[in-house]
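Worksheet for the structure shown next.
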Amino acid sequence: DQAEKLADFSALLNQTGLTTTPLRPSGKARFGDEIVQVVSDGSMIEKGAEVTVIDVQGAKIVVEG
């Protein structure tokens, strides 16, 4: 089943992690031992900043600093 192969990031909702790249507004962040592509809520966020997942839409993970 194709749907089962899609990553499910909903477990990351409300999780806090650290950016591993600057978010302008997209980049990467680490949550636990997983590094995922994220997009900020519109603001630029520096590398190494703490971010929280505020929304997950399929593979799109929205964070705020």
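The values are calculated or read from the model by the stated rules, or taken from the named source; none is laboratory data. As the structure is a prediction and not an experimental result, all values here were calculated from the model. With ideal geometry, Cβ positions are generated from the backbone for all residues, glycine too; neighbour counts draw on all protein chains shown. Side chains are part of the model used for accessible areas, which takes the heavy atoms of the whole protein and leaves out ligands, DNA and RNA. Shrake-Rupley method; radii C 1.70, N 1.55, O 1.52, S 1.80 Å.
For the range 19-45, taking the residues that are among the hydroxyl-bearing types (Ser, Thr, Tyr) and out of contact with any Pro (no Cβ under 9 Å at 6 or more places or on another chain), the one that is nearest to GLY65 (Cα to Cα) is identified as THR19. Within the range 33-64, the set of residues being modelled with pLDDT of 95 or more and open to solvent by 60 Å² or more (accessible area, probe 1.4 Å) comprises ILE35, GLN37, MET44, GLU46, LYS47, GLU50, ILE54, GLU64. Residues in the range 6-32 that are at pLDDT 95 or above, of a type in the set (A, V, I, L, M, F, W, C) and open to solvent by less than 80 Å² (accessible area, probe 1.4 Å): 5 in all.
Considering only the range 31-49, state which residues are farther than 12 Å from ILE61 by Cα and of a type outside the set (S, T, N, Q). Even if it seems obvious, please write down each step before you answer.
Quick first cut of the range 31-49, residues farther than 12 Å from ILE61 by Cα only: 32-34, 42-49.
GLY32, ASP33, GLU34, GLY42, MET44, ILE45, GLU46, LYS47, GLY48, ALA49 - these are the residues of the range 31-49 that are farther than 12 Å from ILE61 by Cα and of a type outside the set (S, T, N, Q).
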